[in-house]
Amino acid sequence: MVLFAGASLPTLAQKTLSSINQALRYSRYSRLSLKIIPIKVSETSYKVQFQVEKIEEKPAFNLFSFTYSILDSYDEEILSDNTNILTADDLKFDTDKHWVFEKTIEIPATTATAIALFTALDTRQGDEYYYSTDIKSSFVFDQPSFGAYYANSVGFDQNYLNAGESLLFKTKDGPTLHSFYYPTTLEVPYPPMETKPAAVPRELQVIDQGDFLENIPKSFDKIGYYFIQSDTTAATGMVLKTAHEAFPKVKDWDEMVDMVTYISTRKEHEDLKEAEDKKKALDMYWLGLTKNSDTAKDLIREYFRQVEFANLLFTDFKEGWKTDKGMIYIVMGPPQEVNFYLDREEWSYGGTNESSRIRFTFARVKNILSPHYYTLNRSRAYQPVWFKNISIWRSGKMAF
């Protein structure tokens, strides 16, 4: 595995999905968030929602340019011939929180790979936002034939749902869908230089909740994750992570103790977990690191802001901060470069040239629960930079 990248750069004339830097997707300062939600209508037809979440307050539509492409590989050149412009006339919904385009995409049954790419250009400063997803590929069992929606028929685009909230499901196969509930608490990941295999739970409890009707709001009341299927014999479905009412923010002092594990020594973390007064113990912990109350307050705010972003960006069937990507994001900060390939996602940090950059590679794993499940390729070579960034955090500064 290459940690310090030395691959040649693509030529400027060729723009492919794998050569596009998608770092804005994970930026703390993005004005928009893009999402693609495909639903299978037939063996060759897919209804696709191209969603734009309005992070910026009341953005003007005419300040942005939107396009989409359907590509047959991550290396296919993106040209005007395979790029479709989306205008205001194409809007399906325009709400306070979303712009939504909806298109029916035809993909021949013989096509093995089809990737949807959604692009938004902010014409004010030239920022380009990208979001891509495999409609068909070797890492996707199949697309579900149903969708989850907010009450206004906008497709559900979050990575999580707060327990007690409801969604509306629609399916062409009606009139019912099936729900499984997993009341599972999953552990935090090992650090990037730990190469021994992660512990696997011996048993994964699953509760069959039976059928529920489409087009009637379904409430998800318990914390854990749900797996929804239209056909329980099919190798496809939708995973839905449910979290406490404060998520993606931190709920209480006990959770804060859990979350400082990435920058704590084992002894520090054990002492925090055993403390009777968690708030007092945490106050002393942060003050002990910074030796200054104002610096401690700033550090706490920034650290848990990173946790919140990790939850927003990377939650799957685990809370975002517990995923491999979330761990790297919290400690290292947002990556400067993000590149997607069929079998992996690569993050690059630092360095003045390609040979000196540090690269984290997340291998894509085929998983029935999620077509976007990635695990970090771990290596002992990460140890120096990992400890360096932890030391920066512990000295009272942000590590980026």
With +1 at each Lys and Arg Cβ and -1 at each Asp and Glu Cβ, the charge dipole magnitude of the range 230-359 around its Cα centre, to the nearest 20 debye, comes out at 220
Give the lysines reachable from LYS322 as a straight Cα distance under 16 Å; neighbours fewer than 8 places away on the same chain don't count. LYS241, LYS249, LYS251
Given Cβ point charges of +1 (Lys, Arg) and -1 (Asp, Glu) and nothing else, what value in debye, to the nearest 20, does the dipole of the chain about its Cα centre take? 1020
Check each of the trypsin sites (Lys or Arg not before Pro) in the range 157-218 and keep only those in coil by DSSP with at most 14 other C-beta atoms within 10 angstrom; list them in order. LYS172, ARG202
Amide H proximity to ILE135 below 5 Å, modelled H, separation 5+ or other chain, gives ALA114, ILE115, ALA116
Please turn the phi angles of the range 179-190 into ³J(HN,Hα) values with the Karplus equation 6.51 cos²θ - 1.76 cosθ + 1.60 (θ = phi - 60°), one per residue in order, whole Hz, x for glycine and proline. 10, 10, 10, 10, x, 10, 10, 9, 7, 6, x, 5
For the Cα atoms of the chain, what angle does the longest principal axis make with the long axis of helix 293-314, in degrees from 0 to 90, nearest 10? 30
Per residue accessible area of the chain, 1.4 Å probe, in Å²: 48
Of SER132, ILE78, HIS98, which is farthest along the charge dipole of the range 56-138 in the positive direction, counting Lys and Arg as +1 and Asp and Glu as -1 at C-beta? HIS98
Express in % the proportion of alpha carbon pairs of the range 64-114 at distances exceeding 13 Å. 67
For the chain, calculated [θ]222 nm from helices alone, where every DSSP H run of n ≥ 4 adds -39500 (n - 2.57): -5500 deg cm²/dmol
Please state the shape class of the range 116-233: rounded when a/c is under 1.5, otherwise prolate if a/b exceeds b/c and oblate if not, all from the C-alpha gyration tensor. oblate
Translational diffusion of the chain, µm² s⁻¹ [Kirkwood Rh, Cα pairs; Stokes-Einstein; 37 °C; 0.692 mPa s]: 145
Given the convex hull over the Cα atoms of the range 30-125, what projected area results after averaging over all orientations, in nm²? 6.9
What percentage of the solvent-accessible surface of the chain, computed with a 1.4 Å probe over protein heavy atoms, is contributed by carbon and sulfur atoms? 51
Could you state the orientation-averaged shadow area of the convex hull built on the Cα atoms of the range 233-381, in nm² to one decimal? 11.8
Taking the range 41-184, the whole-percent share of alpha-carbon pairs separated by over 25 angstrom is 37
Quick check: from the Cα gyration tensor, does the range 288-331 come out rounded (a/c under 1.5), prolate or oblate? prolate
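At a threshold of 8 angstrom on Cα-Cα distance, excluding pairs fewer than six apart, so keeping six or more, what relative contact order does the chain reach in percent? Present the calculation step by step, with values, prior to reporting the outcome.
Details: 781 pairs, mean separation 67.0, N = 400.
Once normalised by length, the contact order is 17 percent.
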Where a ≥ b ≥ c are root eigenvalues of the Cα gyration tensor, a/c under 1.5 meaning rounded, otherwise prolate if a/b exceeds b/c and oblate otherwise, the range 182-260 counts as oblate
To test your reading of the geometry: what angle, between 0 and 90 degrees and rounded to tens, separates the Cα axis of helix 383-394 from the longest principal axis of the chain? 70
Once each part is reduced to its C-alpha centroid, what is the distance from the range 271-293 to the range 10-88 in angstrom? 44
From the C-alpha gyration tensor of the range 252-300, square roots of 5λ in Å: 17, 11, 10
Suppose every K and R has +1 on its Cβ and every D and E has -1 on its Cβ; what is the size of the dipole of the range 106-245 about the Cα centre, in Debye to the nearest 20? 120
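The values are calculated or read from the model by the stated rules, or taken from the named source; none is laboratory data. All values reported here derive from a predicted model rather than from experimental measurement. Neighbour counts are summed over all protein chains in view; Cβ atoms, including those assigned to glycine, are modelled from backbone coordinates with ideal geometry. For accessibility, only protein heavy atoms count, side chains too; no ligands or nucleic acids. Shrake-Rupley method; radii C 1.70, N 1.55, O 1.52, S 1.80 Å.
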